[in-house]
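Asker: Sharing a structure here in structure tokens format.
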Amino acid sequence: MNFDDTPQEAAFRAEARSWIAANAPRQYEEQLRKSSLGRTQLKDANILEVAKAWQKKKADAGWACLHWPKEYGGRGASPIERVIWQEEEGAFGKLSAMFIIGHGMCGPTMMAFASEGHKRKHLPPLASGERIWCQLFSEPAGGSDVAGLRTRAERRGDDWVVNGQKIWTSGAHYSDYGILLTRTDPNLPKHKGLTMFFLDMKSPGVEVRPIKQANGQSEFNEVYFSDVKIPDSQRLGEVNDGWNVALTTLMNERMSIGAGVATGFPEIFEFCSNLMLEDGLAIDHRDVRSKLANWAVKASGLKYTSFRAISALSRGERPGPENSIGKLVAGSMIQDVAMYALDLQGAAGALTGEQAELAGKFQAMLLRAPGTRVEGGTDEIMRNIIAERVLGLPGDVRVDKDVPFNEIPTKGRK
Ligand SMILES: Cc1cc2nc3c(=O)[nH]c(=O)nc-3n(C[C@H](O)[C@H](O)[C@H](O)COP(=O)(O)OP(=O)(O)OC[C@H]3O[C@@H](n4cnc5c(N)ncnc54)[C@H](O)[C@@H]3O)c2cc1C
């Protein structure tokens, strides 16, 4: 594989670089560069407003959602051009975090299943960041086993009426729209009685309750639905075929999370290069060097694994399990990195917030890292995917797969 830019790619890179140099919000660059997993904040500025303004500026100039078709707010760019853009956007790309679910999962699902009218109405403001979208799948009774969900949608004339509860909905507190997976026929086996919709998050009967996390932030929410009306025109896919629609979303979820997953390597390398221990710089220690060397190998393995996925995309193929591998390795690596940084800080590692070393960067990373190992599929689910699809091992035991949903034994129903 040749990693050098072709002449066409080099021209694209130069154009992207000069546009970013002239237009990016430079006053925040240093803060964004220093931010890391679990800690992307701006002093004296509302990050949501800064992110929306940057996204809109990109959209107006044709640099938003590069791989989307132009008529839906994108640029019709190739997967490689998208990667080049991400490389050039650098730290400013961290401002895209609140759009990842909308751009990476809801947009592609709408593109595949919404009517042409809805696509033309909803996709451009989603691309430009004027509307933020969330993904309403997980429930207390359906996380890894998302098909175990219980939120009901019942047909009433031209509308559907939704009752139930979702949980862990990232960004629901600032979202304008969401895609919602519901149960429409409990008499069918669990994967067969589901239907997908999209809805306005300001609809009467939608209540969003933020969840306070260990790192003090509230990135996700509980969302309650009480007699929420959704027009049938906002159904995505056929009635009771929601599982197929959800597979499109989940496939894109693994792609977008996997493509951008953090490892913590640049942060730990910089930290060890500057940390003065009693007998010299940390990076000059044999055991520190050995740890860094191991992580360097993993980080570059992850980089080339993600290139494999990008190559598959650029050949028009569906990426394989590369992103499951990437997420599995990077999730535990970032946790190890944060733990090691805290060990090196000694007693000071127990501090958090502004008074801690580097204003608590690694402490925030450590508290956020377990979420990386859960969101978009837990480590165990990633291992199942790799075992079944790569190694060809026997499938996970799925005893309730063909049983009507309302006959599956639960706590209250034996
Ligand atoms: C930061 C973050 C953001 C999220 N954002 C969203 C969002 O925007 N929208 C949304 O819908 N959801 C979201 N989620 C929810 C996420 O998708 C679920 O948490 C995840 O799918 C796991 O489900 P669960 O929490 O119910 O755990 P469970 O499925 O109850 O799992 C509990 C434990 O059992 C293990 N386990 C489960 N099934 C198996 C199996 N078959 N084999 C082996 N082990 C198994 C799991 O690995 C885990 O260790 C988010 C989660 C996090 C952490």
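The values are calculated or read from the model by the stated rules, or taken from the named source; none is laboratory data. Nothing here was measured: the structure is a model prediction, and the numbers come from that model. Cβ atoms come from the backbone with ideal geometry, glycine included; neighbour counts cover every protein chain shown.
Asker: I20 is checked against (1) under 22 Å from L367 (Cβ atoms); (2) in contact (Cβ under 8 Å) with a residue 24 or more places away in the chain and fails just one. What number does that condition carry?
Answerer: Condition (1) is where I20 drops out.
Asker: So the check is Cβ under 6 Å with 6+ separation or different chains; which pairs have a first residue in the range 379-398 that's among the acidic types (D, E) and a second one that's near the ligand (Cβ under 9 Å from one of its atoms)?
Answerer: D379/R373; D396/N384
Asker: Now for a different question. Please specify each residue of the range 314-327 satisfying the condition of being buried (at least 19 other Cβ atoms within 10 Å of the Cβ) and in a helix (DSSP H, G or I).
Answerer: Step one: of the range 314-327, the residues buried (at least 19 other Cβ atoms within 10 Å of the Cβ) are 319, 321-327.
Correct list: E322, N323, S324, I325, G326, K327.
Asker: Do any residues in the range 43-67 that are in contact (Cβ under 8 Å) with a residue 40 or more places away in the chain have Cβ atoms under 9 Å from those of residues that are among the β-branched types (V, I, T), where the two are at least six apart or on different chains, and which pairs are they?
Answerer: Filtered contacts from the range 43-67: I47/T40; L48/I132; K52/I132; W63/I20.
Asker: Under the condition of being assigned to a helix (DSSP H, G or I) and touching a helix residue (DSSP H, G or I) at 6+ places or on another chain (Cβ under 7 Å), which residue from the range 121-137 is nearest to the ligand (Cβ to nearest atom)? Break it down stepwise before answering.
Answerer: Filtering the range 121-137 down to residues assigned to a helix (DSSP H, G or I) leaves 121-127.
The next check asks that each one be touching a helix residue (DSSP H, G or I) at 6+ places or on another chain (Cβ under 7 Å); those that pass are 122-124, 126-127.
Numbers: H122: 18, L123: 19, P124: 23, L126: 15, A127: 19 Å.
Per the stated criteria, the residue is L126.
Asker: Let me ask you something else. Of (1) among the polar types (S, T, N, Q); (2) modelled with pLDDT of 90 or more; (3) buried (at least 16 other Cβ atoms within 10 Å of the Cβ), N406 satisfies all except one. Which?
Answerer: (3)
Asker: For the range 390-414, enumerate the residues that are within 16 Å of the ligand (Cβ to nearest atom) and part of a loop (DSSP other than H, G, I, E, B).
Answerer: L391, L393, P394, G395, D396, V397, R398, V399, D400, K401, I408, K411
Asker: While we're looking at this one, here's another question. Look through R373, R383 and report the one residue that is within 23 Å of G320 (Cβ to Cβ) and in contact with a helix residue (DSSP H, G or I) (Cβ under 6 Å, 6 or more places away or on another chain). It would help to see each step written out before you state the result.
Answerer: Details: R383 fails: in contact with a helix residue (DSSP H, G or I) (Cβ under 6 Å, 6 or more places away or on another chain).
Just a single option satisfies the conditions, and that option is R373.
Asker: Could you grab me the full set of residues in the range 26-51 that are buried (at least 20 other Cβ atoms within 10 Å of the Cβ) and part of a helix (DSSP H, G or I)?
Answerer: Y28, L32, A51
Asker: Also: If I ask for residues that are of a type in the set (D, E, K, R) and not in a helix (DSSP H, G or I), which ones from the range 361-389 would you list? It would help to see each step written out before you state the result.
Answerer: Looking only at the range 361-389, we keep the residues that are of a type in the set (D, E, K, R), and these are 361, 368, 373, 375, 379-380, 383, 388-389.
Once the filter is applied, which keeps residues that are of a type in the set (D, E, K, R) and not in a helix (DSSP H, G or I), the range 361-389 yields R373, E375.
Asker: In the range 143-161, what count of residues is obtained for those that are farther than 21 Å from E219 by Cα, within 16 Å of the ligand (Cβ to nearest atom) and in a loop (DSSP other than H, G, I, E, B)?
Answerer: 4
Asker: From the list M339, M333, which residue is buried (at least 20 other Cβ atoms within 10 Å of the Cβ), of a type in the set (A, V, I, L, M, F, W, C), closer than 30 Å to E278 by Cβ and modelled with pLDDT of 90 or more? Even if it seems obvious, please write down each step before you answer.
Answerer: Details: M339 fails: buried (at least 20 other Cβ atoms within 10 Å of the Cβ).
Just a single option satisfies the conditions, and that option is M333.
Asker: Now a separate question. Is there any pair linking a residue in the range 215-232 that is touching a residue at least 12 places away in the same chain (Cβ under 8 Å) and over 22 Å from S203 (Cβ atoms) to one that is charged (D, E, K, R) and in a helix (DSSP H, G or I), with Cβ under 6 Å and at least six apart or on different chains, and which?
Answerer: Pairs that qualify, where the first residue is touching a residue at least 12 places away in the same chain (Cβ under 8 Å) and over 22 Å from S203 (Cβ atoms) and the partner is charged (D, E, K, R) and in a helix (DSSP H, G or I), are N215/R368.
Asker: Do we have any residue at all in the range 85-98 that's farther than 28 Å from F265 by Cβ and out of contact with any helix residue (DSSP H, G or I) (no Cβ under 6 Å at 6 or more places or on another chain)?
Answerer: As a first pass, look at the range 85-98 and keep what is farther than 28 Å from F265 by Cβ: none.
No.
Asker: Filter the range 1-24 for residues that are within 15 Å of K57 (Cα to Cα) and in a loop (DSSP other than H, G, I, E, B) and give the result.
Answerer: A24
Asker: If you don't mind, there's one more thing I want to ask. Take Q345 and tell me if it is in contact with a helix residue (DSSP H, G or I) (Cβ under 6 Å, 6 or more places away or on another chain) and surrounded by fewer than 21 Cβ atoms within 10 Å (Cβ to Cβ). Don't jump to the end; show me each part of the working.
Answerer: Details: in contact with a helix residue (DSSP H, G or I) (Cβ under 6 Å, 6 or more places away or on another chain): yes; surrounded by fewer than 21 Cβ atoms within 10 Å (Cβ to Cβ): yes.
Yes, satisfied.
Asker: If a residue has to be on the phi < 0 side of the Ramachandran plot and small (G, A, S) to count, how many in the range 150-181 make the cut?
Answerer: First, the residues of the range 150-181 that are on the phi < 0 side of the Ramachandran plot: 150-156, 158-163, 165-167, 169-170, 172-181.
In the following step, the residues that additionally are small (G, A, S) were identified as 153, 170, 172, 175, 178.
Number of matching residues: 5.
Asker: Follow-up question, since we're still on this one. Return yes or no: is F92 in a strand (DSSP E or B), surrounded by 17 or more Cβ atoms within 10 Å (Cβ to Cβ) and more than 12 Å from the ligand (Cβ to nearest atom)?
Answerer: On the way: in a strand (DSSP E or B): no; surrounded by 17 or more Cβ atoms within 10 Å (Cβ to Cβ): yes; more than 12 Å from the ligand (Cβ to nearest atom): yes.
So F92 fails the test.
Asker: Would you pick out the residues in the range 162-204 that are in contact (Cβ under 8 Å) with a residue 40 or more places away in the chain, more than 15 Å from the ligand (Cβ to nearest atom) and either of a type in the set (D, E) or over 21 Å from W243 (Cβ atoms) (or both)?
Answerer: Within the range 162-204, just D185 meets the criteria.
Asker: I need every pair where a residue in the range 360-378 that is touching a residue at least 40 places away in the same chain (Cβ under 8 Å) has its Cβ under 6 Å from the Cβ of a residue that is near the ligand (Cβ under 8 Å from one of its atoms) and in a helix (DSSP H, G or I), sequence separation at least 6 or different chains.
Answerer: R373/D379
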